[in-house]
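The values are calculated or read from the model by the stated rules, or taken from the named source; none is laboratory data. What you see is a predicted model; the values in this text were computed from it and never measured. Here Cβ is always computed from backbone atoms with ideal geometry, including for glycine, and neighbour counts include all displayed protein chains. Side chains included, ligands, DNA and RNA excluded: accessible areas come from the protein's heavy atoms. Shrake-Rupley method; radii C 1.70, N 1.55, O 1.52, S 1.80 Å.
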Amino acid sequence: MSTPTKSYPFSPCPCFSRSLSPPIRTLFPSALLPSQNITFSANNTPHKQDKLPLHFLGPQHSTLLLLKCNSLAINDSSTNSFVDSGVMLFSLFREIGFNETDTEALLDAHPVINLTPFEIIRTRIHSLQSLGVSGLALSRLIVKRPDVLTAVEIDPVVCFILKGDLELAGKIKPSQIEHLFNSTEPRFLAGFETKVRLLLQLGITQETIVHVLNNANLTKAFCLKSFEDIERMLTFLNRFGGGDLILRRPALLNYDLDAQLIPRVGFLLDLSGGDETGTATVLRKLPFVVAYSVDHLKDHVEFLKSYAGLSEEEIFRIVLVYPNMFSASRKRKLHPRIDFLKQCGLSSHDIFRFLIKAPLFLSLSFEGNLAYKLVFLVKIGYKKNTKELAMAMGAVTRTSCKNMQEVIGVFLNYGLTFDDILEMSMKHPQVLQYNHESLEEKMDYLVEEMGREVWELLAFPAFLGYKLDGRIKHRYEEKKKILGEGMSLNKLLSVSAARFSTKTKRKQRVPAINGLNESDD
C-alpha cells in the first residue's frame, strides 16, 4: 500500500530554489526519537523503557538499533528516505555547532521543524550564512528563534537583501541581520521591503540607504510599525530636514511618532515661536535632542528663565547656536555655571550675550578644564568675580588647557610680562585661544620680516588673529612697495579687502599720472 502524499506550506526563497525531492519528514517518528530507547516483546510489539539516550550507545549501536527499528516498522520504501533525512538533519546541525543532545532538545521543543522538508532547512541555513550570520551567531539565533528555519516570512527578507535591486548583499552588518531575526516575530517581517523602500521616496539614495539600515533598530523602525505609520513619520520629519535628518541620525526611525517625536519636536517649535526653519536647524545640529523627554527639555528651559532671567526667545537663540545645552546636567553644570556668571556681575542680558559667544562654557568639565583655565587667568592678573574674568573665561572655552599654557609661554619667551598679556587679552580676549604654533609664526614674521617691535601688539593685539599667508604677508608686501617700512598695523589689516584693493590701485596710479604731467610740461 502506498503512503499518502502530504502537502507542506513551506517553500524556499526563489533566490535559493533548487530541485527538491518529494516532501519527506525530516526526523524520526516519535517512537524512534533518540531521546528514548525501544525494546520489543515476543510478538515484536515495541514498547518504551527508561534507558540512556540513544546517542550514548555510540554511533555503531545507534545505527544498528535504527536499522532494527526500521526492519520492524512499516515496510515501505519511504521509510529509508525518512531515516536518511533524519540522519542528514543531525549531520547538518552538527556542521553548524550542535551536538546530538542539542539537536534532540531543539527538535523536541519545536516539532514544527519535523514537518519541514530537509532541503528547506538546509537552504534556509545556507541563506543565513550568505547574509553573514554563521558560526556561533547562527547557532545562537536558531536556539533563540527556531522558527527562523521554518517561517515563510523569512525568505522575502533574505531575497530582498541578497538579490534585490538595492544591492544590499554584503553591506548590511551581520549583527544587524541577527538582531532583526532574533528580536522580531516572523509575522512582523511581512512587508519589510515595502517599508524600507519608503526611504527612497524621501530622497535617501541607494548608496546611503545602507547607512540607515546599519544604524537603525530594524525591528522598531520597520517591523513593529505599519506601512501607514512609517509613511506618517516620514511626512512629519520631512518638514524638518527629512532624508538629511535621518541620515544624520537613523535612530530617529526607532521612535514612536505620536508618543515621542511630535511632542518633543513640538516643544522646540513652540520655544522658537513657530520657526520651523530654526527648529530644523536645531534638529540638524543635534538630532539626538529628540531622545530627551519633554519634561527634560522643559526643565532646562524653566531653569534658564527663572534663575538666569532669560526669555524664551533668548533661550531658543542659545539653543540654535548650541543645542547640546540640553545635554548638560542642570544640577551639576547649568546651575554652578550660571551662578559663576552672576557672581561676576553679569546681568541677564550679559549672560545671554556670553552664552551666545561661549556656549561651551555650559558643558565643559570644571575639574578637568575650567578650573585650570581659571588658575591661569588669575595668575596673569585677572581679578576674581569681575566681568573681565567672565569674558576671559568665555574666550578660553574654545582652547585646551595645554594650548592656553603654551600661548602664555610664547608671549613670555618674546619678552612680554604677565601685565602685558593681561593688557592684550583685556582688549582682545581671543589672543588666549589662538593656536600657539600659529601665534609664534606671526610673532616671528612681525619681528624678523616686518622689523617691528613686539610691544606694538599691546596697541593692536588683533594682529595675531589674522591669517599669516592669506592676509598679513600679502598686504604687507603690497603696501611695502608704496609706503616703505613705516605703516600702521591697524590700518594695514583692519580695512576690508575691497577697500584695501581700491586704495592700493589708486596709490599705484599716482606716480604714473605725475610722470605724464612732467613730460607734458
- Task: Can you tell me which residue within the stretch 195-228, out of those that are farther than 23 Å from Ile154 by Cβ and touching a residue at least 24 places away in the same chain (Cβ under 8 Å), is least open to solvent (accessible area, probe 1.4 Å)?
- Result: Ile204
- Message: Give me the residue from the stretch 81-98 that is open to solvent by 60 Å² or more (accessible area, probe 1.4 Å) and modelled with pLDDT under 90 and, out of that set, farthest from Pro146 (Cα to Cα).
- Response: Asp84
- Can Gly274 be described as out of contact with any strand residue (DSSP E or B) (no Cβ under 6 Å at 6 or more places or on another chain), assigned to a loop (DSSP other than H, G, I, E, B) and at pLDDT 95 or above? yes
- Query: Can you tell me which of Asp165, Asp155 is surrounded by 18 or more Cβ atoms within 10 Å (Cβ to Cβ) and among the acidic types (Asp, Glu)?
  - Reply: Asp155
- Residues being farther than 18 Å from Leu224 by Cβ and of a type in the set (A, V, I, L, M, F, W, C) - total across the stretch 161-203: 8
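Quick one: which of Phe463, Phe411 is assigned to a helix (DSSP H, G or I) and at pLDDT 95 or above?
On the way: Phe463 fails: at pLDDT 95 or above.
Just a single option satisfies the conditions, and that option is Phe411.
Does the stretch 248-264 include one or more residues that are among the aromatic types (Phe, Trp, Tyr), part of a helix (DSSP H, G or I) and either closer than 20 Å to Tyr322 by Cα or touching a helix residue (DSSP H, G or I) at 6+ places or on another chain (Cβ under 8 Å) (or both)?
Keep residues of the stretch 248-264 that are among the aromatic types (Phe, Trp, Tyr), which gives 255.
If we keep only those that are part of a helix (DSSP H, G or I) too, we end up with none.
Scanning the stretch 248-264, I find no residue that is among the aromatic types (Phe, Trp, Tyr), part of a helix (DSSP H, G or I) and either closer than 20 Å to Tyr322 by Cα or touching a helix residue (DSSP H, G or I) at 6+ places or on another chain (Cβ under 8 Å) (or both), so the answer is no.
Okay, residues lined up against (1) of a type in the set (Gly, Ala, Ser); (2) surrounded by 19 or more Cβ atoms within 10 Å (Cβ to Cβ); (3) touching a residue at least 12 places away in the same chain (Cβ under 8 Å):
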position	(1), (2), (3)
Met404	no, yes, yes
Phe418	no, no, yes
Glu423	no, no, yes
Met426	no, no, yes
Val431	no, yes, yes
Leu458	no, no, yes
Asp469	no, no, no
- Any chance the stretch 368-391 includes a residue that's within 30 Å of Arg475 (Cβ to Cβ) and either touching an Asp or Glu at 6+ places or on another chain (Cβ under 6 Å) or of a type in the set (A, V, I, L, M, F, W, C) (or both)? yes
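For Leu446, indicate whether it is over 29 Å from Ala308 (Cα atoms), open to solvent by less than 10 Å² (accessible area, probe 1.4 Å) and not in a helix (DSSP H, G or I). Before you say what the answer is, go through the steps one by one.
Details: over 29 Å from Ala308 (Cα atoms): yes; open to solvent by less than 10 Å² (accessible area, probe 1.4 Å): yes; not in a helix (DSSP H, G or I): no.
Here the answer is no, as Leu446 does not meet what is asked.
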- Would you point out the residue of the stretch 299-323, among those that are touching a Pro at 6+ places or on another chain (Cβ under 8 Å) and in a helix (DSSP H, G or I), that is most open to solvent (accessible area, probe 1.4 Å)? Val321
- Query: Before we move on, is Gln176 of a type in the set (S, T, N, Q) and under 18 Å from Ile209 (Cα atoms)?
  - Reply: yes
- Note on the structure: Gln129 passes all but one of the listed conditions (1) open to solvent by 10 Å² or more (accessible area, probe 1.4 Å); (2) at pLDDT below 95; (3) more than 19 Å from Glu185 (Cβ to Cβ); the exception is number (2)
- Task: Could you check how many residues of the stretch 291-309 are within 20 Å of Leu364 (Cβ to Cβ) and over 25 Å from the mean Cα position of the chain (by Cα)?
- Result: 4
- Name the residues in the stretch 324-338 that are open to solvent by 50 Å² or more (accessible area, probe 1.4 Å) and closer than 22 Å to Lys384 by Cα, would you? Arg332, His335, Pro336
- So Pro117 clears everything in (1) at pLDDT below 95; (2) within 28 Å of the chain's Cα centre (by Cα) except one condition, right? Which one? (2)
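Answer yes or no as to whether Val396 is buried (at least 20 other Cβ atoms within 10 Å of the Cβ) and either assigned to a helix (DSSP H, G or I) or hydrophobic (A, V, I, L, M, F, W, C) (or both). Even if it seems obvious, please write down each step before you answer.
Values: buried (at least 20 other Cβ atoms within 10 Å of the Cβ): yes; either assigned to a helix (DSSP H, G or I) or hydrophobic (A, V, I, L, M, F, W, C) (or both): yes.
Answer is yes for this residue.
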